[in-house]
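Visitor: What follows is a single structure, and I will ask about it in a moment.
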Amino acid sequence: MAPSNTTSTDGGSTPERTQDPDGTDGTPANRTGKPPRPGTHPVDELLPPVKLFSTGLQHVAAMYAGVVAPPLIVGAGVGLSPAELALLISASLFTAGLATLLQTLGIWKIGARLPFVNGVSFAGVAPMIAIAKGSIEKTGGPKEALPVIFGAVIVAGLLCFLAAPYFCKLIRFFPPVVQGTVITLIGVSLLPVAVNWARGGSPGAPGYGSMRAVGLAAITLVAVVLCNRLLRGFWQQLSLLIGLAFGTLIAFPLGLADFGAVKDAKVFSLPSPFHFGAPVFDAAAIVSMCIVMVVAMTESTADMLALGRIVDREADEPTLAAGLRADGLATALSPVFNGFAASAFAQNIGLVALTKIRSRFVVAAGGGILVLLGLFPVLGSVVSLVPQPVLGGAGIVLFGTVAASGIRTLAEAGMESGSNTILVSVSLGVGIVPIAAPTFYDSFPEAARTLLHSGISAGCVVAVLLNLLFHHVGAARRSRPGQGSDATVPAAPTAPAVPSVPSMPTGPTVPTATPS
């Protein structure tokens, strides 16, 4: 596809794309091995089965650790046995797969129909542990805590579903200068996650921070970069998966990987609805999880806007509303199968930009794989063989790609404007506070901490408020490049066409929520 000139929000136009030598539409992000069918957007392109499976598996590898981490933490906090903990992890994989299928394939007005990955929201981990502790203090038993958490998650999901058509109208307050700021924060906020993985994943783990762990992360990073530089076509698109496989093979002789998890895993297990008991609806727990859901909706909105720019399909109001409805419905249904709140996974946006494969059916294939991993725990245990340092090395590339995409968006937003410079600098500064000083907001009220401990959400809120102040209020409300005044940006602005992220920088760009 070669789209015609597109008017940008700053009044300029984007030049018409030319054909690439490989026959694609001139946007490097469309190289899937063959040109898309005439009239078919690359997002809707169906790849051959082998490519569909392998690239979908790559998405699963990128998100797996983020999916299993929340149930591990919450389950340990509740005091579950190893068998019950394994059940909770399988449930999270299963429900993440269903949520991803709902987002990518869509039903009625539910689902963004973009290559958008959904998984267990990390933003809810701390509040859920707090809910569990409060429930244990009241009842004296850890097993009664999960039904209270599940009841709160169901109500929060319904709130998200009903609020979606109203929440999405905030898009008019997300001009390019705000979008670029938030996209940059997404990448930068995820970097500490990759660094922690590179050191071993958990401070209490044997060998955490050792040279073996850091060296393995470095080997994986170099492998990904070299694969992206030296390989071509389909194999270049699998550079991340090849790097992960290579790093895992190197990990075995270093003693950083073992098959213990595979030996103990069940072959097949059907999800048992409400395995831990019927949901309990506690008012305080519901309020806490509803606040978490608002934070998750903010992050999902920012992620959909970022993804829309990367795949060259605008995330307009209907798309945002459909995506948020999918978040809400998946969240409300997850507790039925013993899962938690579902929201966007920003690391997979980086993978879309890195591989330049924009097909939503690739991510749908990843969702199908997640469902199988939930039904066949033994398969999930095989994927879990990938050591944390290996994931860390690959994560630096992924998260740096997201940050680079945000920086490029900012370059188009008219940074010669002094007000835009202030907006970006203050928003980035506020967003980086919880990264630089994780305990900075510990003395704040719990409701405030839920928002402020997420650098993405805090920075996003500040960027929107400063955009209102500089570009919507009083005399400052006038047309400037990249701003969001009523005179220049309609209710559903058309984002300027953005060149896709280059195949790979010669060196990784220094780019979670915390995984979402």
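The values are calculated or read from the model by the stated rules, or taken from the named source; none is laboratory data. The structure presented is a predicted model; accordingly, all values stated were derived computationally and were not measured. In this analysis, Cβ positions are derived from the backbone assuming ideal geometry, glycine residues included, and neighbour counts consider all displayed protein chains. With ligands, DNA and RNA removed, areas are computed over all heavy atoms of the protein, side chains included. Shrake-Rupley method; radii C 1.70, N 1.55, O 1.52, S 1.80 Å.
Visitor: Which of the residues belonging to region 333-352 are assigned to a helix (DSSP H, G or I) and either within 24 Å of residue 392 (Cα to Cα) or open to solvent by 10 Å² or more (accessible area, probe 1.4 Å) (or both)?
Guide: Those that are assigned to a helix (DSSP H, G or I) and either within 24 Å of residue 392 (Cα to Cα) or open to solvent by 10 Å² or more (accessible area, probe 1.4 Å) (or both): 333, 336, 337, 346, 347, 348, 349, 350, 351, 352.
Visitor: Residues being under 19 Å from the mean Cα position of the chain (by Cα), assigned to a helix (DSSP H, G or I) and modelled with pLDDT under 90: count how many of those fall in region 353-382.
Guide: Counting residues in region 353-382 that are under 19 Å from the mean Cα position of the chain (by Cα), assigned to a helix (DSSP H, G or I) and modelled with pLDDT under 90 gives 3.
Visitor: Kindly check whether there is at least one residue in region 198-205 that is buried (at least 16 other Cβ atoms within 10 Å of the Cβ), at pLDDT below 90 and of a type in the set (S, T, N, Q).
Guide: no
Visitor: Scan (1) surrounded by 19 or more Cβ atoms within 10 Å (Cβ to Cβ); (2) among the β-branched types (Val, Ile, Thr); (3) more than 13 Å from the chain's Cα centre (by Cα) for the single condition residue 280 breaks and write down its number.
Guide: The one condition residue 280 does not meet is (1).
Visitor: Also, quick follow-up: Taking the residues in region 307-350 that are within 23 Å of residue 71 (Cα to Cα) and among the polar types (S, T, N, Q) as candidates, determine which candidate is modelled with the lowest pLDDT.
Guide: 347
Visitor: Here's another thing I want to ask about it. Checking the conditions here, which among 509, 514, 488 is out of contact with any strand residue (DSSP E or B) (no Cβ under 8 Å at 6 or more places or on another chain), modelled with pLDDT under 90, on the phi > 0 side of the Ramachandran plot and surrounded by 14 or more Cβ atoms within 10 Å (Cβ to Cβ)?
Guide: The unique qualifying residue is 514.
Visitor: Something else now. Spot the failing condition for residue 44; the list is (1) under 26 Å from the mean Cα position of the chain (by Cα); (2) at pLDDT below 70; (3) surrounded by fewer than 17 Cβ atoms within 10 Å (Cβ to Cβ), and only one is missed.
Guide: (2)
Visitor: Would you mind stating whether residue 233 is farther than 30 Å from residue 426 by Cα, small (Gly, Ala, Ser) and open to solvent by less than 40 Å² (accessible area, probe 1.4 Å)?
Guide: no
Visitor: Here's a follow-up. Does region 415-423 contain at least one residue that is in a loop (DSSP other than H, G, I, E, B), under 26 Å from residue 308 (Cβ atoms) and not small (Gly, Ala, Ser)?
Guide: Looking through region 415-423, at least one residue is in a loop (DSSP other than H, G, I, E, B), under 26 Å from residue 308 (Cβ atoms) and not small (Gly, Ala, Ser).
Visitor: Considering region 373-390 alone, what residues qualify as being open to solvent by 20 Å² or more (accessible area, probe 1.4 Å) and closer than 14 Å to residue 61 by Cα?
Guide: Applying the first criterion (open to solvent by 20 Å² or more (accessible area, probe 1.4 Å)) to region 373-390 yields 375-379, 382-386, 388.
Across region 373-390, the qualifying residues are 379, 382, 383, 384, 385, 386, 388.
Visitor: Just the residues that are over 14 Å from the mean Cα position of the chain (by Cα) and either among the β-branched types (Val, Ile, Thr) or crowded, with 19+ Cβ neighbours inside 10 Å (or both), please, taken from region 78-96.
Guide: 78, 80, 86, 87, 88, 89, 90, 91, 92, 93, 94, 95
Visitor: Does residue 224 count as farther than 22 Å from residue 72 by Cβ and open to solvent by less than 30 Å² (accessible area, probe 1.4 Å)?
Guide: Yes; evaluated as a whole, the condition is true for this residue.
Visitor: Just the residues that are out of contact with any helix residue (DSSP H, G or I) (no Cβ under 6 Å at 6 or more places or on another chain) and open to solvent by 10 Å² or more (accessible area, probe 1.4 Å), please, taken from region 391-406.
Guide: Matches in region 391-406: 404 only.
Visitor: Does region 442-482 hold any residues that are of a type in the set (Ser, Thr, Tyr) and either under 17 Å from residue 299 (Cβ atoms) or at pLDDT below 85 (or both), and which are they?
Guide: 450, 454, 457, 479
Visitor: Among the residues of region 422-464, which ones are surrounded by 24 or more Cβ atoms within 10 Å (Cβ to Cβ) and farther than 21 Å from residue 173 by Cβ?
Guide: 434
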